[in-house]
1. Given the options I25, I53, name the one that is at pLDDT 95 or above and hydrophobic (A, V, I, L, M, F, W, C).
2. Any residue at all in the stretch 2-12 that's part of a strand (DSSP E or B) and in contact with a Cys (Cβ under 9 Å, 6 or more places away or on another chain)?
3. Can you name the condition, by its number, that R52 falls short on among (1) of a type outside the set (F, W, Y); (2) more than 14 Å from the chain's Cα centre (by Cα); (3) surrounded by 10 or more Cβ atoms within 10 Å (Cβ to Cβ)?
4. Find the residue count for the stretch 22-38, including only residues that are within 14 Å of the chain's Cα centre (by Cα) and either assigned to a strand (DSSP E or B) or among the aromatic types (F, W, Y) (or both).
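The values are calculated or read from the model by the stated rules, or taken from the named source; none is laboratory data. As the structure is a computational prediction, the values presented were derived from the model and not from experiment. FYI the Cβ positions are ideal-geometry reconstructions off the backbone, even for glycines, and counts take in every protein chain you see.
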Amino acid sequence: MIIIRSQSQEVIGKYVEVIADENVIKGFSAYGHMTVLGAYESRERAIQLINRIHECLLAGINKDYLDRKYRIKQDTVFKMPPK
């Protein structure tokens, strides 16, 4: 699962699957709802963004740690670029 903000900046959502459909990036929720996250100039650019999302997942999008007696949980939001 990853949290992504759409290219239009109108949507922030949790997605279990993200795909490049030609030049359009689509995200699917756990309930199967589809959201268009961004449209780009080419399929190659869309694939580049899928690769960046993959790198974000590999780097770890969730942080969970203790700060003295408090538990801190942070989720990274991947922001779709304008172009």
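1. I25
2. Scanning the stretch 2-12 turns up at least one residue that is part of a strand (DSSP E or B) and in contact with a Cys (Cβ under 9 Å, 6 or more places away or on another chain).
3. Of the numbered conditions (1) of a type outside the set (F, W, Y); (2) more than 14 Å from the chain's Cα centre (by Cα); (3) surrounded by 10 or more Cβ atoms within 10 Å (Cβ to Cβ), the odd one out for R52 is (2).
4. The qualifying residues number 10.
Table: residues versus (1) free of Cβ contacts under 8 Å to residues at least 12 places away in the same chain; (2) of a type in the set (V, I, T).
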site: I3; (1), (2): no, yes
site: G13; (1), (2): no, no
site: A20; (1), (2): no, no
site: G27; (1), (2): no, no
site: T35; (1), (2): no, yes
site: R45; (1), (2): no, no
site: Q48; (1), (2): yes, no
site: N51; (1), (2): yes, no
